[in-house]
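The next block holds one structure in the form of structure tokens; read it before the comments.
The values are calculated or read from the model by the stated rules, or taken from the named source; none is laboratory data. Here the structure is a predicted model, which means the values were calculated and not measured. Cβ coordinates were reconstructed from backbone atoms using ideal geometry, including for glycine residues, and neighbour counts include every protein chain displayed. Protein only, heavy atoms only, side chains kept; ligands, DNA and RNA dropped before computing areas. Shrake-Rupley method; radii C 1.70, N 1.55, O 1.52, S 1.80 Å.
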Amino acid sequence: MNQRVGLFVLLAAGLLCLSLAPVSRGDDLVEDGLDGDDADVEDEMDLSLAGDEDLEDDVQDEAPPAPKTPPSPQVTYKAPEPKGEHFIAESFDKGTLDGWILSNAKKDDADEEIAKYDGKWAVEEMKDSKLPGDKGLVLKSRAKHHAISAHLLRPFTFETMPLVIQYEVNFQSGIDCGGAYVKLLTETPDLDLDQFVDKTPYTIMFGPDKCGEDYKLHFIFRHKNPKTGEYEEKHAKKPDADLRTYFTDKKTHLYTLVVNSDNSFEVLVDQTVVNSGNLLTDMTPAVNPPAEIEDPDDHKPEDWDERPKIQDPDSVKPEDWDEDAPAQIPDESAVKPDGWLDDEPEYIGDPDAIKPEDWDEDMDGEWEAPQIPNPACETAPGCGTWKRPMIDNPNYKGKWKPPMIDNPNYQGVWKPRKIPNPAYFEDLHPYKMSPFSALGLELWSMTSDIFFDNFFITNDRNAAERWASDSWGLKKAAEGAAEPGLAAQMLNAAEERPWLWVVYVLTVALPLILIFVFCCTGKKKSSASPAEYKKTDEPQPDVKEEEEEEEEAEEAPKAEKNSPGTDKSEDEEPAEEEEDEEKENTADEKLEDDVLRRSPRSRKLRKE
């Protein structure tokens, strides 16, 4: 019974923890996201609005006060301030596009109707902002080309310090097909941000991109061939992490790229590494070309034999090999079943069918009744001309072919010879890319309201982390505090995936069934006989209780004799019954005494 009670207590404690989880989670998110003096958390009680004081005073006095529900913690927004070395730090909290340049160019190789970069941009808060006062750059048009860019405070040159670029994206309306990546525009003498297009040279392209069910997180850099001077795009391997959630949960996510001077790189989402590698070994195509290539002028000789097996030229077809023998022959042992109706067709015209009134024999041809199974064949083994069934021909061998043997002239699979690669080079420092001097977004999207915020480029990772803590950290805390409780999340998930209702029902019903089974269906323990005590050495009832029962049995007859007004004839009749009962009790007591004397417990008592 104690075990059942303990199990019940554990289940009750678990349900209590689940009910308290959403509240504690919201509080923890607020506390974690607001470290330092840059953010204030205000836990305020919403005051009920006062109505007309002159109306319904009596009713309000009699009615019990309505319970006040405490609001979720509120996060106060404060614009982040860049600390440390940086090349751009844009939070858009001024509410304008000052310093940003819209492209007025047209895209080549595109229809005239959509070639122009006329997609709209705006600086505004998110539609469902959890942090009032926080503004960002919003892509407002759908099915349009968008291009906007801004100069850095000074060009970034790849020397010994790392490159860190980070920014925030929120797909407020989801995303069907479109990108949210940025380009670091290469510093060139003819760089004109007013004519920023897809072919404008860039050094690095980084950020999320999605079309259909293909979720991507690009990291592409353009590498300059030191021999030819031409640029080639190098793509990082695809992340192993599942990226789908970042596109569908409608939350603000922080995208960070870190490229170090030792050629290593890291791609992070929400400060968690989702991809990493080395510029020399984890890019496609490889930075350095192969030292040798196949000779394009080498051709396979005409007498080159690549056949590992050939037909045996010395093999001869056996004389008894019959290539004309059929694969199957009639079974000569078969006999036509009795009752077979040779003169009855298997199908006949439907005698009940009537030619349609609108049937035109000139247009439709001669009318024929539709065919139905012949009723006469239902009870017969078959109808029509009987034919012997076909069986496999035991003498069939098929077309004769010579057996295959190893080719004595086999030379292997031919490959062109290798020659030194005339375009070979070895660049051991691909980190030293072309300097860039501007940040741009050149995008096409079928979904509007993509929110960008808090662009930051630096060569100090600590400065980037401080900027993220002061900007994205506030959003994370605000969104976490506004998240629904566990029950609401479960209901929302069940609306999207109805099969979760089955899981919920089983999760609730199973503990209840277990509680009922353990607490309500336990079997009562039957009293053991003296013989069972001897076999199992189970603790026996206290001997004192047995002695008290015996004393009560002995005092009962004496009390009956001493009672006044009893008739002698009445005493004689139960006397015989009492003697019989005493004999039975004496036999039972002897058996029990014998068992008690032999039990270990009695032995121990006697020794004491």
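What to note about this one:
- Candidate set from region 115-150 (those that are out of contact with any strand residue (DSSP E or B) (no Cβ under 7 Å at 6 or more places or on another chain), among the small types (Gly, Ala, Ser) and touching a residue at least 60 places away in the same chain (Cβ under 8 Å)); member that is nearest to Glu90 (Cα to Cα): Ser141
- Residues located in region 380-413, provided they are under 30 Å from Ser333 (Cα atoms) and free of Cβ contacts under 8 Å to residues at least 24 places away in the same chain: Pro394
- Residue selected from region 426-457 under the condition over 30 Å from Asp194 (Cβ atoms) and open to solvent by 20 Å² or more (accessible area, probe 1.4 Å), by the criterion farthest from the chain's Cα centre (by Cα): Glu426
- Some residue of region 87-95 being β-branched (Val, Ile, Thr), more than 36 Å from the chain's Cα centre (by Cα), buried (at least 18 other Cβ atoms within 10 Å of the Cβ) and modelled with pLDDT of 95 or more: yes
- Test for Leu153: is it surrounded by fewer than 22 Cβ atoms within 10 Å (Cβ to Cβ) and either of a type in the set (Val, Ile, Thr) or within 17 Å of Ala89 (Cα to Cα) (or both): yes
Rundown of residues vs (1) among the charged types (D, E, K, R); (2) in a strand (DSSP E or B); (3) touching a Cys at 6+ places or on another chain (Cβ under 7 Å); (4) at pLDDT below 95, yes/no style:
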| site | (1), (2), (3), (4) |
| --- | --- |
| Ile165 | no, yes, no, no |
| Gly178 | no, yes, no, yes |
| Leu185 | no, yes, no, no |
| Pro189 | no, no, no, yes |
| His223 | no, yes, no, no |
| Lys227 | yes, no, no, yes |
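- Extreme residue, modelled with the highest pLDDT, among residues of region 282-340 that are open to solvent by 60 Å² or more (accessible area, probe 1.4 Å) and β-branched (Val, Ile, Thr): Thr284
- Here Gln411 meets each of (1) of a type in the set (S, T, N, Q); (2) over 23 Å from Pro313 (Cβ atoms); (3) open to solvent by 80 Å² or more (accessible area, probe 1.4 Å) with one exception, condition (2).
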